[in-house]
1. For a quick check: with amide H placed at 1.01 Å from N, whose amide H comes under 5 Å from S463's, ignoring anything fewer than 5 positions away on the same chain?
2. Which distance in nm do the two modelled labels at N372 and I9 give, with both placed 7 Å along the Cα-to-Cβ direction?
3. Which sequence of L334, L413 reflects their accessible areas, 1.4 Å probe, from the largest down?
4. How big is the Kirkwood radius of segment 200-290, worked out from every pair of different alpha carbons and given in Å to one decimal?
5. Through the Karplus equation 6.51 cos²θ - 1.76 cosθ + 1.60, θ set to phi - 60°, convert the phi angles of segment 440-453 into ³J(HN,Hα) values in whole Hz; use x for Gly and Pro.
6. Over segment 84-150, what number does the Rg to Rh ratio reach, with both radii from the alpha-carbon atoms and Rh per Kirkwood?
7. Could you give me D for segment 401-473, from Stokes-Einstein at 4 °C and 1.567 mPa s, where the hydrodynamic radius is the Kirkwood radius over C-alpha pairs? Units µm² s⁻¹, please.
8. Given a Förster distance of 45 Å, report the FRET efficiency between A147 and N433 from their Cβ-Cβ distance, rounded to the nearest 0.05.
Amino acid sequence: MTKEKKECISCQSVLWILVFCGFAMNYMLRINLNLAIVAMVVPHSHAAAAIKCGFPLEYNETQISQTLTTITTTQSSEYLFEDRFKWNEYEQSLALGSYYWLHWLSQLPGGLLARRYGTKIIFGWANLLTALMGLMIPFATNYHLYALVFLRVIQGFVAGVIWPAMHDMTARWIPPHERSKFVSSYLGSSVGAAITYPLCALVITWFNWQAAFYVTSILGIIWFVFWHFLVFDSPSQHPRISSREKCDIIESLPISNRDEKVPWRRILSSGPLWIAIIAQYGGTWGFLTFMTQAPSYFNYIHGWNINATGVLSGLPHVLRMLFSYMFGILSDWLLKTKRLSLTDVRKLATFMCTIFQGILTLGLGSSGCHSNLAIIFMMAGTAVNGAVSSGTLAVFVDLSSNYASVILGFCNLIAASSGFLSPLLVGLLTTNNQTVDSWRIVFSISSILLLVSGFIFMLFGTSEEQSWNNKTNEDLNIVKIDEMQTLCEKSVTKDEIHEKIQLPKINEEQT
């Protein structure tokens, strides 16, 4: 009892913080190029839509010409272009989308590797290696565009294991009724995005575009040191956890047998899983379009400079994290008070991050030359996507806690393709055609995918545990009881364990 009184923070809380920071680092290393590329390429002499959006209608051609000359002269005096690259929109889309070319390929292996070797190794070392490669980006970029593309491809491939790997740790540490709030730690990615844009803008303004990659990589290396020493794969492996916290966690978790072979045939033929994958795909496409293209959109269409673009692109992700955390608390409360079923809570969350986001995306595409409206729709659309932590992300653990990392890896094997298809589509639609109309098409496509995928989940989705999750049998029950008594230091009786984990009682002779 003395030890427990001295604890000022639980091991679960430490885990939440480091998972949160880990996903923040994952996104900092992923999207630093999104903003840096604005300072890496030779800019247009004026905003692409300046004639249509930047000037009042009563301006005549002479006035417009004079103003554009002033803009061009001012920009020429502010920037030196010796270290910039003459990449067109298509070449820029190659650089932005290359991270995702093989990102999908390592998703499923990430889940399988975490199941075998543990999330601590897979999640931690993937982030570390991505950070180390980030230090090489300035050198690769100065050598050749394709060297940058190659390095980003490898970064994306290595980092592909990160998201599915974390689901294995979530299943080992977090009881079902607390998962919505804990999975909100995954949205540390949003805070990472929010920090990255203004941080990179500031660093680039003070130093140069190369410094943006050095700073984010060093932060990633520092995070890894804390992760390595403070995080463990399960409560039973943690050397500093109290016996009470350890027991409370283990007795609340469903039975799991990780020695079982993955039932691939039943997983691949699972209707509820495919419905969740469809919803996740639509949501991923919509979010990545916002995240990857926001700096270019506000720079080219609304004429914002790099500092304004950094703040504008980052702020919505802070709102996304806050929305995710608050919605997670609401979801857990709805479950504990039994006001909604688990499936209804997941559908409510998925409605927010697909259908409602799809409506806001339509609003963004229709905002035209109204910068204020574009900002509002961008912020609101990004914010409501935070409900994904209580929606489809949590659904995969609900369907199968035993194979959560595997099925999320399989899902991302499909959904991650949107990461390179979306920038490719944007490149095709906007190359030498940076207009409001071309961007309206970009956002309309995203909206359609969001709405369709959301309605499909609302009609057919479920969070009921699937029969293939476990081959629960009497022997496994006995193992569960013995494990709990050992880990809880025999502080509870077997009958109490039976009652808490709702197992059929077994005769003492059998145990």
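The values are calculated or read from the model by the stated rules, or taken from the named source; none is laboratory data. Quantities reported herein were computed from a predicted structural model and do not represent experimental measurements. Using ideal geometry, Cβ is built from the backbone for each residue, glycine included, and neighbour counts are taken over all protein chains shown. Note: accessible area is taken over every heavy atom of the protein model, side chains too, but ligands, DNA and RNA are not part of it. Shrake-Rupley method; radii C 1.70, N 1.55, O 1.52, S 1.80 Å.
1. Hits under the 5 Å cutoff: T343.
2. 4.2 nm
3. My answer, sorted largest first, is L413, L334.
4. 18.7 Å
5. Coupling constants for segment 440-453: 5, 5, 4, 6, 5, 4, 4, 5, 4, 5, 5, 5, 5, 5 Hz.
6. 1.09
7. For the chosen part, D equals 84 µm²/s.
8. 0.95
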